[in-house]
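Participant: If you scroll down you'll find the structure; I have some questions about it.
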Amino acid sequence: MNKKIKTIQRHGKTFKDRIYIPAIIEGLKTTIKHLAHNVSDINSVDVLEYPEEQPTDITERYRGLHRLTHREDGTISCVACFMCATACPSACIFIEATQREDGVDEKMPQKFSIDTLECIFCGYCVEACPCDAIRMDTGIFSLIGREREDFLLDKEKLLSFKGAFAQEDSIARK
Amino acid sequence: MSLVTVNIDDKSYEAKENSLLIDLLILHDIKVPYFCYHESLGADGNCRMCMVEIEGKKRPQIACDTFVSDGMSIQTASEKISSVRKRILELELINHPVDCPICDQAGECKLQDYYMDFGLYDSNIDMKEKVHNKKHIALGSSVILDRERCVLCTRCVRFTSNITKSGELGVINRGDKACISTVPGMKLDNPYAMNVVDLCPVGALTSKEFRFAQRVWFLKSTPSICHGCSTGCNIFIDHNQEKYKEDKIYRIRPRKNREVNGDFICDYGRLSYKNLQENRQQELLNKSNVISYEDALLELNSKISGSKNIVILVDANLYNEDIAAISNFSQKIGAKLVCPTECYFDDSFGDDWLKSDYKCANLQAIKNYKIDSLFSSDQQIDLLINFNHPSFSKFSSKQSVEFSTHKGSSAELVLAIPAYSEYSGTTINDANIEQYSQKAITTDVATISEYLSDLSKVAL
Amino acid sequence: MSTLAIVVTLGSIVLAALLALLMIPVLVWLERRVAGLIQDRLGPNRTNVGGFRLGGVVQSFADVVKLVFKEEYYPSHIKSGKLLFTLAPTIMFVSALLAFMTIPFADNVNIAGESFRVQALPVDYGVLWFMAISSIGVIGILFGGWLSHNKYSLLGAQRAGSQLLGFELPLGLSVIAMVITYESVDFNVMVDYQSGVLFGFLPAWGVLIQPLAALIFIITMFAETNRAPFNVVEGESEIIAGHMTEFSAMKFAMYFMGEYIAMNTASAVIITMFFGGYQLPWLSTQDLFSNFSSVVVAIMVVMPIVIFFLIKWMKKNNSVRATLSSDGGRAFETKVLTIVLISMTALIELICLYLFTQSSDSLSATITITLLQIAIFVFKLMVFNIFFIIVRWTLPRFRYDQIQTLGWNYLLPLSLANIIITAIVVVGVN
């Protein structure tokens, strides 16, 4: 029977490791280097001074606040199919459907509200929507309010947000 | 009836001689798509979806029109059959609108199910080239027709002509212009009209009451028994409790029971869920003041112990368990148990199929417990305890207590009880079959049995 | 006691109190700022009073105000121990503060023929006082942790106790080695000894005479003050903050401040015993007195140069990047501080011109040299405090068993060996 014996080298047993002082000196060198560099030129520190500086990396993919898109004629493109409400892991989308009377489509939401305090901004609702009706491309990353009710966005509010990038209107419901 | 052996997908099954092959497939849960076949309506053979390969036959045969014979060998999942199904499904879907986000049938639509199970092909038709037709036509009796979605399985036509024999619906025009319509001048108007909504495998016929109310996959189906009349049709109560809202019933569907109601229910029972949720008594009242549970029991106890001539009215809609508890209770306190039944009788309601003359669920139990249906007395009633009977106002008494489900009671002490959808129990229908209703909606209102058992603890 | 003695002693007490207590906000600020700059981020730099942020020191004062007004509460489980519960952090704070009181800030002043110690507690057994009082601090931790009625606090407190025990012995033994070398327990004599020369060209600092004792002493001082990498006491119980968990507002503030005062005291003792205390290398106080005018000239020359580079650095660094929408008043602050610094320099130049005309026996000479020595002391103190802070943010925490092994298995025999070697060398040299 050939047994392969593999010897693992343990670290930390040499004299240099065990007295630990050389390692401390190495560490101090790194630390003091950083300190000296940053103290000599404090503006080289890579820190975003919010709110004087605003973030520059908000791209089209960034999942900001939600918005409901419009059709080309300006009406709502959402047909209240409940895909977003079903897909939402936090169950924070509340929809009530109703008959649509203007002949553009059959169904529309009477109430559409998102509780942004429960929302985890995962973007599943955007992926689930078959009509490109809900999007998270507003680029708004900071929502402030004084009361809890300020964070429950209703249909009018969601329709009023503008997209921050190209493609303002729904591409699936013209 | 002799049994034959049939070989399906290399497994052998026993079947009754000369029964339909499709019945056998359905019985053993072998997945076969079909639109036009229905157990109560029979086969029509116009959808061609239930094709299976039978050994010895050149072409695939439809299972709904094939009778089993001994030694038959069937293949339901060969490559040929899956290709056949794909092609037929494609033909069905050629002009079908992409309405799934809007359509109420999403989640229980046969086209969706069969496409996911047997289809999954790429469509060759552009949306603009599809044939369009009229949508959301009101046919009457809260049924809405959408002609674009119809697959012309003619289940609804056969229902109105063969089952209800009222003949309102038919197929008009030809070719790809063929569609369902009511006979000119007629509206869909019979007491079982809304069953076509359940029959329709796609979203062509939908209920106006349920239109856009809720998505089907959110609903929980609880098996229960309809309390509309003494037939006791088996139903599913579809309900859902949304986040931060109350538990609510959205619709009632029929449940298959070959002995009692087959596959259908009447419209009166189907729409009876509205009554279960409107105008409900939620609080316990003493002379119109809200009181607590413990105070109500004390008040009831003092009323009972201070009265000599006590009469108890029992509703014929209560469950067997409730009636048993009330019967024991009446014996304990020495009260007279009465259930006048003429208020339930309506011979214009009853017909020769599912609707009966008595509009109460548990009349048989009243008879079994030998509760008097007439009451006459020359003595003044000291205390009248009413367990939700509708004829309360016909009696006069010194004091009155009512266990009520709905608002508007004129009694002094009003105690709220749950409706039949909110607790479980059994009822006996007019064919003497005992049936179980399961609790569908959650409430925190105490049941009659709980009241009576807590009362006995207080009385001690 | 003569009025002069009272004046000098009072002055020393005030100086000691200022140095210890005023150093706390500065240390807190330094800790946070240096930690940030080591980690390539900025520390607190926004709190300002009318645009004056002074690098962020104002943040520490804001913290003090917050801690004073915070809600004071006691865990409901402690019923009879409330007094001791409130007293526990005070014990630690007071003992750390008292231990600082015997450190000399300058050499003995000789005014009108009398010699006064520039120590808050003008005693001549400074080392013994320090050793005794600094060990009392752990009682505060033990009381606090035990009375909290909390398993994790108790664990943290016990760790503190056993850590102190384990490192007290090497500490004492290395101090004994130093005492043998310096032949005195008086801090002043120790500092005086270090003004000599070693091997002809090196300053006779303690760290060069007794490197092993210095190393052991520094390591044990890290452990005594519960500073990283020996902060199992407060860090290990992680978010639960060890013995300080159940303390709110002012009581927590006492613990917090006590820790920083202990660190300050540790730095002070280290520089007194090993790095020449309040003296410049190679120069004793006598040398300074005899070359008084050279000292004044040196101050006149060095001061403007230092201030010039300071102003230049400040102009560059007290600004913001161009992409920011506003600089929060920094330009104004830089202007004001520049004016302040330049006027301060001008004042000192004038004073130096006056001192130039004085002889080295006058009172002003004594005062100048004393002030110079205090300044040197404070500078060395700040350097060592920053060293403490840098080590905290460099080294990972030691595990508890590693700490005990270090204390008992390695430092104790080493310090014993050190004593023996010292004794042999001392006897041999003499």
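Participant: With a 1.4 Å probe and every protein chain left in place, work out the accessible area per residue of the range B:3-93 in Å², rounded to a whole number.
Facilitator: Spelled out: the 1.4 Å probe surface of the range B:3-93, per residue, equals 52 Å².
Participant: Tell me the Rg and the Dmax, in Å, that the Cα atoms of the range B:285-458 produce.
Facilitator: Expressed in Å, the Cα Rg and Dmax of the range B:285-458 come to 16.0, 49.
Participant: Largest first, what is the accessible-area ranking of B:Ser83, B:Ser356, B:Ser393 with a 1.4 Å probe?
Facilitator: Ranked list, largest accessible area first: B:Ser393, B:Ser83, B:Ser356.
Participant: Show me you know the interface measure: the accessible area buried between A and B, both chains summed, probe 1.4 Å, in Å² to the nearest 100.
Facilitator: 1500 Å²
Participant: Quick check of the Kirkwood formula: for chain C, what is the inverse mean of 1/r over all pairs of different Cα atoms, in Å?
Facilitator: Evaluated on chain C, it is 23.6 Å.
Participant: I'd like the distance between the alpha-carbon centres of the range C:128-200 and the range C:387-407, rounded to an integer number of Å.
Facilitator: Here the two parts' Cα centres lie 17 Å apart.
Participant: To the nearest 10 square angstrom, how much accessible area does C:Asp361 have with a 1.4 angstrom probe?
Facilitator: So the heavy atoms of C:Asp361 present about 140 Å² to solvent.
Participant: So what is the diffusion coefficient of the range C:1-155 in µm² per second by Stokes-Einstein at 25 °C and 0.890 mPa s, using a Kirkwood Rh over Cα pairs?
Facilitator: Stokes-Einstein gives a translational diffusion coefficient of 130 µm²/s.
Participant: Averaging sequence separations of C-alpha pairs under 8 Å and six or more residues apart, then dividing by the length of chain B, give the relative contact order as a whole percent.
Facilitator: 11 percent
Participant: Straight-line reach from B:Lys245: which lysines fall under 24 Å, measuring Cα to Cα and dropping same-chain residues less than 8 apart?
Facilitator: List returned: A:Lys107, A:Lys111, A:Lys155, A:Lys157, B:Lys208, B:Lys220, B:Lys274, B:Lys407, B:Lys439.
Participant: Additional query: Show me, bin by bin at 10 Å from 0, the whole-percent P(r) of the range C:244-332 based on Cα pairs.
Facilitator: Per 10 Å bin, starting at zero, the Cα-Cα P(r) for the range C:244-332 comes out as 12, 18, 20, 29, 17, 3 percent.
Participant: Can you tell me which lysines have their Cα less than 23 Å from the Cα of B:Lys16? Leave out same-chain residues fewer than eight positions away.
Facilitator: B:Lys31, B:Lys57, B:Lys256
Participant: On the Cα set of the range A:50-174, report Rg and Dmax in Å, please.
Facilitator: Final numbers for Rg and Dmax: 14.5, 49 Å.
Participant: Enumerate by residue number the chymotrypsin sites (Phe, Trp or Tyr not before Pro) in the range C:22-82 meeting two conditions: DSSP loop (anything except H, G, I, E, B), and at most 11 other Cβ atoms within 10 Å of the site's Cβ.
Facilitator: Hits after loop and neighbour filter: C:Tyr73.
Participant: Extent of the range B:3-93 along each principal axis, from alpha carbon coordinates, in Å, largest to smallest?
Facilitator: Principal-axis extents of the range B:3-93 (Cα, largest first): 39, 31, 23 Å.
Participant: Average partner chain C-beta neighbours within 10 Å, per residue of B:96-105?
Facilitator: If you average over the peptide's residues, the count of other-chain Cβ atoms is 4.
Participant: State, to one decimal in nm², a quarter of the convex hull surface area for the C-alpha atoms of the range B:210-285, i.e. the direction-averaged projected area.
Facilitator: Averaged projected area of the range B:210-285's Cα convex hull equals 6.6 nm².
Participant: Provide the three semi-axes, in whole Å and in decreasing order, of the ellipsoid equivalent to the protein assembly as shown as defined by the square roots of 5 times the Cα gyration tensor eigenvalues.
Facilitator: Equivalent ellipsoid semi-axes, largest first: 92, 40, 31 Å.
Participant: Interface size between chain A and chain C, please: total buried accessible area, 1.4 Å probe, rounded to the nearest 100 Å².
Facilitator: Buried: approximately 2400 Å² between C and A.
Participant: Within the accessible area of the range A:67-160, what % is carbon and sulfur when the probe is 1.4 Å and the other protein chains stay in place?
Facilitator: About 52 percent, which is the carbon plus sulfur part of the accessible surface.
Participant: Continuing with this model, one more query. Given the range B:100-207, what count of lysine pairs have C-alpha atoms under 24 Å apart, with each pair 8 or more places apart or on different chains?
Facilitator: 12
Participant: Next question. For the range A:67-112, which residues drop by 30 square angstrom or more in accessible area between the chain on its own and all protein chains together (1.4 Å probe)?
Facilitator: By number: A:Cys81, A:Phe82, A:Thr86, A:Phe94, A:Gln99, A:Glu106, A:Lys107.
Participant: To the nearest 500 deg cm²/dmol, what mean residue ellipticity at 222 nm is calculated for chain A from DSSP H runs of n ≥ 4 alone, each contributing -39,500 (n - 2.57), summed and divided by the residues?
Facilitator: Per the formula, -6500 deg cm²/dmol.
Participant: While we're looking at this one, here's another question. Just the number, please: carbon plus sulfur as a percent of the accessible area of chain B, 1.4 Å probe, no ligands or DNA/RNA counted.
Facilitator: It is 49 percent, rounded to a whole number.
Participant: Considering only C-alpha atoms, what is the centroid distance from the range C:14-87 to the range C:303-375, in Å?
Facilitator: Cα centroid of the range C:14-87 versus Cα centroid of the range C:303-375: 27 Å apart.
Participant: Still on this structure, please answer the following. Report, as a whole number in µm² per second, the diffusion coefficient that Stokes-Einstein gives for the range C:148-245 at 25 °C and 0.890 mPa s using the Kirkwood radius over alpha carbon pairs.
Facilitator: Reported coefficient: 160 µm²/s.
Participant: Would you please calculate the Kirkwood hydrodynamic radius of chain B over all C-alpha pairs and express it in Å, rounded to one decimal?
Facilitator: The answer is 25.3 Å.
Participant: Can you pull out the trypsin sites (Lys or Arg not before Pro) in the range B:146-178 whose DSSP state is coil and whose Cβ has at most 12 other Cβ atoms within 10 Å?
Facilitator: Sparse-neighbourhood loop trypsin sites (Lys or Arg not before Pro): B:Lys165, B:Arg174.
Participant: Percentage of Cα-Cα pair distances in the range B:356-460 greater than 21 Å, rounded to whole percent?
Facilitator: Result for the distance tail: 49 percent.
Participant: Relative contact order of chain C, please, whole-number percent, based on alpha carbon pairs below 8 angstrom and at least 6 residues apart.
Facilitator: RCO, chain C: 23 percent.
Participant: Still on this model: What does the charge add up to near B:Glu246, with Lys and Arg as +1, Asp and Glu as -1, over the other residues with Cβ less than 12 Å from its Cβ?
Facilitator: 0
Participant: Show which lysines lie in cross-link reach of C:Lys151 when reach means a straight Cα distance below 21 angstrom and same-chain residues fewer than eight apart are skipped.
Facilitator: Here the lysines satisfying the reach criterion relative to C:Lys151 are C:Lys79, C:Lys82, C:Lys251.
Participant: Within the range B:366-443, list the GluC sites (Glu not before Pro) lying in a DSSP loop whose Cβ has at most 14 other Cβ atoms in a 10 Å radius.
Facilitator: Loop-located and lightly packed - none at all.
Participant: Rounded to whole Å and sorted largest first, list the principal axis extents of the Cα atoms in the range C:8-86.
Facilitator: 47, 42, 28
Participant: For chain C, set up a Gaussian network in which alpha carbons nearer than 10 Å are linked by springs, and say which option among C:Ser415, C:Ser134, C:Ser80 fluctuates the most.
Facilitator: Result: C:Ser80 has the largest fluctuation of those listed.
Participant: Now a separate question. Residue by residue through C:35-42, how many Cβ atoms from other chains fall within 10 Å of the Cβ on average?
Facilitator: 6
Participant: In the full protein assembly as shown, how much of C:Met221 is accessible to a 1.4 Å probe, in Å² to the nearest 10?
Facilitator: 10 Å²
Participant: OK, next. Can you compute the equivalent ellipsoid semi-axes for the range B:100-207, i.e. the square root of 5 times each eigenvalue of the Cα gyration tensor, sorted largest first and rounded to whole Å?
Facilitator: Each semi-axis is the square root of five times an eigenvalue, giving 25, 16, 12 Å.
Participant: I would also like to ask the following. Please give the average number of partner chain Cβ atoms lying within 10 Å of the Cβ of each residue in A:31-42, rounded to a whole number.
Facilitator: Mean inter-chain Cβ contacts per residue within 10 Å come to 6.
Participant: For the range C:319-427, take the alpha-carbon Rg, divide it by the Kirkwood Rh, and send me Rg/Rh.
Facilitator: Dividing the radius of gyration by the Kirkwood radius yields 1.23.
Participant: Still on this structure: Mind computing the radius of gyration and Dmax over the alpha-carbon atoms of the range B:349-397? Å is fine for both.
Facilitator: Cα-based Rg and Dmax for the range B:349-397 come out at 14.4, 44 Å.
The values are calculated or read from the model by the stated rules, or taken from the named source; none is laboratory data. Since this is a predicted model, take the numbers as computed values, not measurements. Glycine gets a Cβ as well: all are built from the backbone with ideal geometry, and neighbour counts include every protein chain shown. Only protein heavy atoms, including side chains, enter the accessible area calculation; ligands, DNA and RNA are left aside. Shrake-Rupley method; radii C 1.70, N 1.55, O 1.52, S 1.80 Å.
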